[in-house]
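In what follows, a structure is listed as structure tokens, so that the remarks can point back to it.
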Amino acid sequence: QVQLVESGGGLVQAGGSLRLSCAASGIIFSIGTKGWYRQAPGKQRELVAAVAGGSITNYADSVKGRFTISRDNAKNTVYLQMNSLKPEDTAVYYCNYRRNLMDGTQYDYWGQGTQVTVSS
């Protein structure tokens, strides 16, 4: 079975840093797209960062230059390094694995989420 487990969230002051980790099991880690989403109370879940098999990355405009997504295939783990944190970054952060199927459809797997709170 597929399992994604996030860790590394917590409380940090504005301007500080956190590194989130997502450990994956039950998948071929090098296949598909790995990403991070976040959701604040009453808000829509939004893409923060993603990395594809060819190491192609993309970021939300609001985090460009501050956040970095990376992966360690040997450990089946994807990371999100978050620097220069702002109160607007406060949200529950979710790890995502997207499997692209041969018929052109896709299936998303999600972690349980980890809370990030940034104080001013």
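Observations
- Strands (runs of 3 or more DSSP E) contained entirely in the stretch 1-107, each with at least 3 residues that are buried (at least 17 other Cβ atoms within 10 Å of the Cβ): 18-25, 33-39, 46-51, 67-72, 77-82, 91-100
- Hits in the stretch 24-72 (condition: among the charged types (D, E, K, R) and within 11 Å of the chain's Cα centre (by Cα)): Lys34, Arg38, Glu46, Arg71
- Residues of the stretch 80-120 that are within 20 Å of Pro41 (Cβ to Cβ), hydroxyl-bearing (Ser, Thr, Tyr) and in contact with a strand residue (DSSP E or B) (Cβ under 7 Å, 6 or more places away or on another chain): Thr90, Tyr93, Tyr94, Thr114, Thr117, Ser119.
- Those residues of the stretch 108-120 which are small (Gly, Ala, Ser) and assigned to a strand (DSSP E or B), in sequence order: Ser119
- Residue within the stretch 72-79 that is more than 15 Å from Leu4 (Cβ to Cβ), modelled with pLDDT of 95 or more and either of a type in the set (A, V, I, L, M) or touching a strand residue (DSSP E or B) at 6+ places or on another chain (Cβ under 6 Å) (or both) present: no
- Pairs with Cβ under 6 Å, 6+ apart, first in the stretch 16-41 and over 26 Å from Met102 (Cβ atoms) and aliphatic (A, V, I, L, M), second open to solvent by 30 Å² or more (accessible area, probe 1.4 Å) and not in a loop (DSSP other than H, G, I, E, B): Ala23/Val5
- Summed over the stretch 71-96, the residues that are of a type in the set (D, E, K, R) and under 16 Å from Phe29 (Cα atoms) give a count of 3.
- When Phe67 is tested against (1) on the phi < 0 side of the Ramachandran plot; (2) at pLDDT below 95, just one condition goes unmet, and that condition is (2).
The values are calculated or read from the model by the stated rules, or taken from the named source; none is laboratory data. Small disclaimer: the values here were computed from a predicted structure and weren't measured. When we count neighbours, we look across all protein chains shown, and the Cβ atoms used for this are built from the backbone with ideal geometry, even at glycine. Note: accessible area is taken over every heavy atom of the protein model, side chains too, but ligands, DNA and RNA are not part of it. Shrake-Rupley method; radii C 1.70, N 1.55, O 1.52, S 1.80 Å.
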